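The values are calculated or read from the model by the stated rules, or taken from the named source; none is laboratory data. Quick caveat, the model's predicted, so the values are computed rather than measured. Neighbour counts are summed over all protein chains in view; Cβ atoms, including those assigned to glycine, are modelled from backbone coordinates with ideal geometry.
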C-alpha cells in the first residue's frame, strides 16, 4: 500500500503563498507583454490610446489567468481523462511490445477510478493571482465608458 503523506497547515499556507506570488508575477509578465504588443505591434500612441491599452492589458492578463484556473479545475475533475487515456493507449500499443508490462489500467473505468483516488492540489491561488488585474481593469473600464464613449 502507498503511504499517505500529511501536510501541516503551515506548509499548506506557505505553498499557497508561493503559488500566489508566482501566479501574480506570471500575470504581471503577461500584462507587460500585452502592453508591449499593443503599443509596438499595433502602432498605437500612448497619448491617444494609452488608457485603453492599459485597460486591455489588465483585463486580458487577469482574464487569461482566471481561464487557466478554470481549465485546471475542469481537468482535475476528469473532463479530459478520456483523451489522455486514449493517447496513452495508442502510444503504448504502438511503441511497446506488451501492454502487460506497462502501468496502464485495463480499461477506461479503472483508469478513472485510479485518477479519482489521487489527491489533487488546491489551485485557488491561480484565480487569486489574476483577480486583482481583472478587477482593476474592470474598475478602470467604467470611467472609460462613461467619459470617453
Criterion first (surrounded by 10 or more Cβ atoms within 10 Å (Cβ to Cβ), over 29 Å from the mean Cα position of the chain (by Cα) and assigned to a helix (DSSP H, G or I)) does residue 132 satisfy it?
no
For the structure I just gave you, tell me whether residue 62 is assigned to a helix (DSSP H, G or I), farther than 21 Å from residue 138 by Cβ and within 21 Å of the chain's Cα centre (by Cα).
no
Cross-chain or 6+ apart pairs with Cβ under 9 Å, region 20-40 first and more than 24 Å from residue 123 (Cα to Cα), then modelled with pLDDT under 95 and not in a helix (DSSP H, G or I):
38/44; 39/45
With respect to residue 39, is the statement that it is touching a helix residue (DSSP H, G or I) at 6+ places or on another chain (Cβ under 8 Å), modelled with pLDDT of 80 or more and assigned to a helix (DSSP H, G or I) true?
no
Looking only at region 135-145, count how many residues are exposed (fewer than 15 other Cβ atoms within 10 Å of the Cβ) and modelled with pLDDT of 85 or more.
5
Among (1) over 23 Å from the mean Cα position of the chain (by Cα); (2) surrounded by 10 or more Cβ atoms within 10 Å (Cβ to Cβ); (3) assigned to a helix (DSSP H, G or I), which single condition is residue 112 missing?
(1)
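Residues are listed down the side, and each one gets a yes or a no for (1) more than 29 Å from residue 143 (Cα to Cα); (2) modelled with pLDDT of 85 or more; (3) exposed (fewer than 11 other Cβ atoms within 10 Å of the Cβ):
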position: 33; (1), (2), (3): no, yes, no
position: 43; (1), (2), (3): no, no, yes
position: 48; (1), (2), (3): no, no, yes
position: 71; (1), (2), (3): yes, yes, no
position: 89; (1), (2), (3): yes, no, no
position: 94; (1), (2), (3): yes, no, yes
position: 100; (1), (2), (3): yes, no, yes
position: 104; (1), (2), (3): yes, no, no
Pick from region 78-87 the residues that are within 26 Å of residue 122 (Cβ to Cβ) and exposed (fewer than 12 other Cβ atoms within 10 Å of the Cβ): which of them is modelled with the lowest pLDDT?
79
Which condition does residue 120 not pass, out of (1) within 27 Å of residue 12 (Cα to Cα); (2) out of contact with any helix residue (DSSP H, G or I) (no Cβ under 7 Å at 6 or more places or on another chain); (3) exposed (fewer than 15 other Cβ atoms within 10 Å of the Cβ), if it passes all the others?
(2)
